[in-house]
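Step one of this worksheet: look at the structure below.
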Amino acid sequence: MRILVANDDGIHSPGIAALARVASRFGDVRVVAPDVEQSSASHAITASRPLTYRRASHIPNIEAWRVNGTPADCVALGVHNWKDVDICLSGINQGVNLGNAMWHSGTLAAAKQATLFGVRGIALSAPSSGPDGKDPDYEALAPHVERVLEILLTDSSARLLNVNLPLAPRGMTWTRQAVRHYDGRVVPGKDPMGRGHFWFTVAPLERTEPGTDLWAMERGYISITPLSLDLTDLPGLSRLAEEHPLDAPPVAEPSEAVEEDESS
Ligand code: MN
């Protein structure tokens, strides 16, 4: 099995080395990651300048390449330069990617980019630091990551998955994305010269709904959310088409011809 490993924290993140080490128990691993941090880059691609693909050798026994681009760029180059990639893993991000934060996530974008190429994608995230304020203990997390991969690498029915791991998990559970609340906040402040500025930052949410990714993580469970790439609001489409009929009627169901054939 060919496993491409990407991230958005950059090639030097301890999280990507930890993920590559666990992944190497399941198949051949190649790391392709941004040369500098690209957190919150979401699904940006670099279309206005050329990209470079350079060897990195700091992860023992793992072939690694660094790209001067975004997480999505890394996956595009990774898939282009390594034929027949079976799966793309992204992470382990230093910081959780839950609920509406998924929209900003470069970690998830790398996995999404893989699915656009027909390759399964799994994003993995964990809190940014342990209770001591230092990097997470990835050695302690490794058996949990291995358990997640044992399930998700054997069952290929889900094409795109978002996994979040507490640093000391008490178990795992299937979840849905929390979409009711948004944790983004604009916080005004002053620079050292007294001039006003703003931080667009993240504030913890106060309420969570049962069954969601946020809810599971709050309770110490590893959260696994299968995701869909189709953003269409189907009830909204039906309602609008009925209330405002346009020049051509919408086709209710996707035709066989445009449906993806993933059986190969
Ligand atoms: Mn990140």
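FYI, it's all coordinate maths here, none of it is from the lab. All values reported here derive from a predicted model rather than from experimental measurement. Using ideal geometry, Cβ is built from the backbone for each residue, glycine included, and neighbour counts are taken over all protein chains shown.
Data table
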| quantity | calculated |
| --- | --- |
| Cα convex hull of the chain, projected area averaged across orientations, nm² | 18.7 |
| Sparse-neighbour loop sites [trypsin sites (Lys or Arg not before Pro); the range 174-225; at most 15 other C-beta within 10 Å; DSSP] | Arg180, Arg195, Arg207, Arg219 |
| Within the range 31-153, percent of DSSP bridges classed antiparallel, to nearest 5 | 30 |
| Structure-based [θ]222 nm, the chain - -39500 (n - 2.57) summed over DSSP H runs of at least 4, per residue, nearest 500 | -7500 deg cm²/dmol |
| Dimensions (Å) - the range 1-82, Cα atoms, principal axes, largest first | 37, 23, 20 |
| Of all DSSP beta bridges in the range 1-91, antiparallel share, percent nearest 5 | 25 |
| Exposed GluC sites (Glu not before Pro) absent: longest stretch of the chain, with sites in DSSP loops and at most 15 other Cβ within 10 Å deemed exposed | 1-205 |
| Extension gain, Ala241 back to Ser128 (0.36 nm per residue minus Cα-Cα distance, nm) | 36.2 nm |
| Long-range amide H partners of Val31 with built H, under 5 Å | Val5, Glu63, Ala64, Trp65 |
